[in-house]
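Worksheet: the structure to be examined is printed underneath.
Read-outs throughout are calculated quantities, based only on the coordinates presented, and are distinct from any laboratory measurement. Computed from a predicted model, the values in this text were never measured in an experiment. Reconstructed Cβ throughout: ideal geometry from the backbone, glycine too, with neighbour counts over all protein chains shown.
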Amino acid sequence: MKIVIAPDSYKGSLSALEASEAIERGVRKALPDAETELVPAADGGEGTMDSLVAATNGRKVEVTVKGSLLEDVQAAYGILGDQETCVIEMASASGLCLIDPDELNPLITTTYGTGELIQKALNDGCRKFILAIGGSATNDAGVGMLQALGMKVFDDEGSPLGLGGAELSRVSEINTEAFDPRIADSEFLIASDVQNPLVGPDGASSVFGPQKGATPAMIEMLDKALSTWADLVEIKTGIHLHDKAGAGAAGGIGSAFQAFFHAETKRGVDIVMEYTKLGEKLYDADCVFTGEGQIDYQTASGKTPMGVAQEAKKYDIPVFVLAGSIGTGIEALYDHGITSVHSLVNAPMPLNEAMERGAEFLELAAEQVMRTFLAASKNRR
């Protein structure tokens, strides 16, 4: 019996690879001679680089860049097995995971370090890029990234603009003369499932600002600042970003790629499935295990379990989701190929204990689901 194991990471607890290995141990307790295929997955957030590097026998390059609060952070970019394609996780330089909750402030956080990562990869000879833009702590429309790559932005007195989302309210001029010319010779594939516009009630500030520390007053200020920036970009390029689908992704960095890069956007999970060849591995599988830390109505928007289930549905393969916690709205997932959803936590306990024991609980849950599946398969025969 062939079992495909393709979970995302369980944030704060297990990487996608660690989760895959824990599930495999549980499966083998129920079926020691199972043929298992481990496919650590991701959906454009944290873990995307590791998944693609592992799938292609690539390598990681560690570098020091500026974090979203301009502190030095150790980040990395991946060179895939073709030795041509670079994969960058925005979160490794400009991510929420790098900031203490009491320091979150989208008025001042910047994507400058993400630009530095791109520049270092350009210096390494890369001209094909995959940008995973999930998990950002920023709301600066990617302007910090553009500044790191040589673009100049000025206020109405001709002074260089500072960094951070609030600064965009003062922008008056964009100068692209020093913008890195290698960008024009490069291709960028943006891993994102966000379709929000740049500004307005469904825009970057209103929808994603609160999770980055924005108060209602900050949201209003940031939305006006992004609108001011979009007005200027339209004058400069003729591109109307304000209500453009996907422009609001990752604090508006989606708009920077739409306006100044040769870029296209795909769902992160689709990119990962393509590079890991998940479809080929599913072809003759008997069942699939996937999962993530939290499963709820948002999973249907393109998170890893949904992408895996949609692919498995093509072959009519049952899909079991193992989740750290189960939220509301999961009923809609069953129409997309998910067979059943199972919680890892088997008794009341503090969150930190549940996360520390993640591998143990994942292994146990996988074993129990596998035993149930085997019994059902036996009864059908």
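For this structure, a couple of remarks:
- Within the chain, the cysteines lacking any other cysteine Cβ closer than 4.7 Å to their own Cβ are CYS97, CYS287.
- Radius 11 Å from Cβ of GLY213, net charge of other residues (Lys, Arg +1; Asp, Glu -1): -2
- Largest mean-square fluctuation among ASP50, ASP284, ASP156, in a Gaussian network model of the chain whose springs join Cα atoms under 10 Å apart, belongs to ASP156.
- Gyration tensor (alpha-carbon) shape descriptor, segment 48-266, a/c threshold 1.5: prolate
- Residues of segment 162-177 with amide N under 18 Å of a point placed 7 Å along Cα→Cβ from ALA217: 165-167, 169
- Computed over the chain with a Gaussian network model linking Cα atoms closer than 10 Å, the most mobile of SER92, SER325, SER205 is SER325.
- Most to least packed among 78-88, 97-107 [average Cβ atoms within 10 Å]: 78-88, 97-107
- Neighbours of THR109, meaning other residues whose beta-carbon lies under 12 angstrom from its beta-carbon, give a summed charge of -2 when Lys and Arg score +1 and Asp and Glu score -1.
- Taking the chain and dividing mean pair separation by its residue count, relative contact order in percent (alpha carbons under 8 Å, at least six apart): 19
- Selected from MET151, MET306, MET90 as most flexible by GNM, with the chain as the system and alpha-carbon contacts under 10 Å: MET151
- Shape of segment 1-126, Cα gyration tensor, a/c cut at 1.5: oblate
- Net charge, ARG267 excluded, C-beta distance under 13 Å - Lys, Arg +1, Asp, Glu -1: -4
- Neighbour counts of other Cβ atoms within 10 Å put THR114, THR290 in the fewest-to-most order THR290, THR114.
- Three-way shape call for segment 160-281 based on the alpha-carbon gyration tensor, with the a/c threshold at 1.5: oblate
- Cα-Cα over 24 Å, subset of LYS128/LYS266; LYS2/LYS266; LYS120/LYS224; LYS60/LYS120; LYS244/LYS314: LYS2/LYS266; LYS120/LYS224; LYS244/LYS314
- Note on the chain: Kirkwood hydrodynamic radius from all Cα pairs is 21.5 Å, rounded to one decimal.
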